[in-house]
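**Q** Encoded as structure tokens, here's the structure I'll be asking about.
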Amino acid sequence: MAHSAVPTTAPAAISPISLKELAPWALFVGVLMLVLLYLVGAEQGATAVFQGDTIHEWMHDGRHLLGFPCH
Amino acid sequence: MNQISPRVLLIRGMLAGLAAGVAAFLVAYLLGESKVDAAIAIEEAGAHDHGDEMAPVSRALQATAGLGTGTLLYGVAIGGIAALVFCYALGRVGRFGPRATALLVSGGLFLTVNLVPFLKYPSNPPAVGDPDTVVQRTTLFVLMIALSVLLAAGALILGRRLAPGLGNWNASIVASLAFVAAIGLAYALLPGINEVPKGFPAALVWEFRITTLTIQVALWATFGLAFGYLAERALVPGATAKKAVQPTG
């Protein structure tokens, strides 16, 4: 990273983060966050990866109040 | 303005998301739980109760630790995704600074991920909703969110294309109208769901739905403000240096 040594008083236009740099983060974090949302919102509801209904029951109130279809 | 790694912004996004999750939990606990309890009371008084099946998680746990887990994880996940969108939007949406960009991203995501899907497939309290249709309802809900996000992205691209010819203001109006028309079409074509049992109090459904919307507003507002603050400190070195370095002479 190239740091500019010259302090600017007024913030200049922000340089965008290049897509090439962002892509691996988008993939990794994106998938991780969607898995998290799935666990909170839909696991042991519409589909199930784990057996039983403990996750469903544990997340029950959160699902209803966060707007997910629950049961 | 120096170049920044997405890692810094993503971590801060998840932290701001955690704070947003706390805000969501507080609103959900203080305003939402009474409605959940009221709906469960009606459910249990009704004809088709669940019988005497063992509840693996007690109501007291569901309403506290369970609700806390759900809202905090949801906040972190939403924060991570919103930070990704922010990483893309930063410097690409005109001359907005980090804080304004964070608020724009929060508002835009609230609109597309929550409000637009909510108007077609609103939240429901316990006792509303047939367990046999949960797969269909979940699929339609996710589909509606995906459609809303895709159509919003399409509208943004359309606005961008039209801006040189029409000017920013008019291009934004045309793009917004195109979004509204496309969403209206999606609303009309997708099947409706109404599984409110006969005799279930309409006021309770209304209050529950408004409460869930309030939870989302609290979540996104907290995220937008907290992340804007954290992102600005990461992106604008002067914002912290001004406080950290006191003139000694």
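Just so it is clear, none of the values below were taken in a lab; they were calculated from the coordinates. The structure displayed is predicted, hence computed values, not measured ones. As a convention, Cβ positions derive from the backbone with ideal geometry for all residues, glycine included, and neighbour counts pool all protein chains shown.
**Q** Could you work out the mean count of beta carbons from other protein chains within 10 Å of each residue's beta carbon in B:123-130?
**A** 4
**Q** For a footprinting-style exposure proxy, rank A:19, A:39, B:90 by other Cβ within 10 Å, fewest first.
**A** In order of increasing Cβ crowding within 10 Å: A:19, A:39, B:90.
**Q** Which whole number gives the average count of other chain Cβ atoms within 10 Å of the Cβ atoms across peptide B:55-61?
**A** Average per residue, whole number: 4.
**Q** Something else: For chain B, set up a GNM with springs between Cα atoms under 10 Å and report which of B:62, B:216, B:136 has the largest fluctuation.
**A** Of B:62, B:216, B:136, the Gaussian network model singles out B:136 as fluctuating most.
**Q** Classify chain B as rounded, prolate or oblate from the Cα gyration tensor: take a ≥ b ≥ c as the square roots of its eigenvalues, call it rounded if a/c is under 1.5, otherwise prolate when a/b beats b/c and oblate if not.
**A** It comes out oblate by the Cα gyration axes.
**Q** Let me ask another. Compare the peptides B:194-206, B:169-181 by average per-residue count of other Cβ atoms within 10 angstrom and give them in order, highest first.
**A** B:169-181, B:194-206
**Q** By how many nm would the segment from residue B:163 to residue B:111 grow when fully extended, if each residue of separation counts as 0.36 nm and the alpha-carbon distance is taken off?
**A** Fully extending the segment from residue B:163 to residue B:111 adds 16.5 nm.
**Q** Separate question: Return the average number of partner chain Cβ atoms within 10 angstrom of each residue Cβ along peptide A:37-45.
**A** 5
**Q** To continue, here is another question. Which of the peptides B:104-112, A:21-29, B:11-19 is most tightly packed, and how do the rest follow, going by the mean number of other Cβ atoms within 10 Å of each residue?
**A** B:11-19, B:104-112, A:21-29
**Q** A further question follows. Which one of B:41, B:94, B:136 is farthest out on the positive end of the charge dipole of chain B, using unit charges on Cβ (Lys, Arg +1; Asp, Glu -1) and the Cα centre as origin?
**A** Checking the options against the dipole of chain B, the answer is B:94.
**Q** Continuing with the same structure: Rg(Cα) of the protein assembly as shown divided by 2.2 N^0.38 Å?
**A** That ratio works out to 1.11.
**Q** Along the stretch B:3-16, what does the Karplus equation 6.51 cos²θ - 1.76 cosθ + 1.60 (θ = phi - 60°) give for ³J(HN,Hα), rounded to whole Hz, x for Gly and Pro?
**A** Once rounded to whole Hz, the list reads 6, 10, 6, x, 4, 4, 5, 5, 4, 5, x, 5, 5, 4.
**Q** Related question: For the stretch B:139-150, take each phi angle, set θ = phi - 60°, evaluate the Karplus expression 6.51 cos²θ - 1.76 cosθ + 1.60, and give the result in whole Hz per residue in order, putting x for glycine and proline.
**A** 4, 5, 4, 5, 4, 5, 5, 4, 4, 4, 5, 5
**Q** If you bin the C-alpha pair distances of the stretch B:66-166 every 5 Å from 0, what whole percents do you get?
**A** Over the stretch B:66-166, the share of Cα pairs per 5 Å bin runs 2, 10, 15, 20, 20, 13, 8, 5, 3, 2, 0 percent.
**Q** As an exercise, use a Förster radius of 51 Å and the Cβ-Cβ distance of residue B:173 and residue A:49 to find the FRET efficiency, rounded to the nearest 0.05.
**A** According to the calculation, E is roughly 0.70.
**Q** Under a GNM of chain B (C-alpha, springs under 10 Å), which listed residue has the highest mean-square fluctuation: B:168, B:114, B:124?
**A** Of B:168, B:114, B:124, the Gaussian network model singles out B:168 as fluctuating most.
**Q** How big is the charge dipole of the protein assembly as shown about its Cα centre, in debye rounded to the nearest 20, if each Lys and Arg gets +1 on its Cβ and each Asp and Glu gets -1 on its Cβ?
**A** For the protein assembly as shown, the charge dipole is close to 1980 debye.
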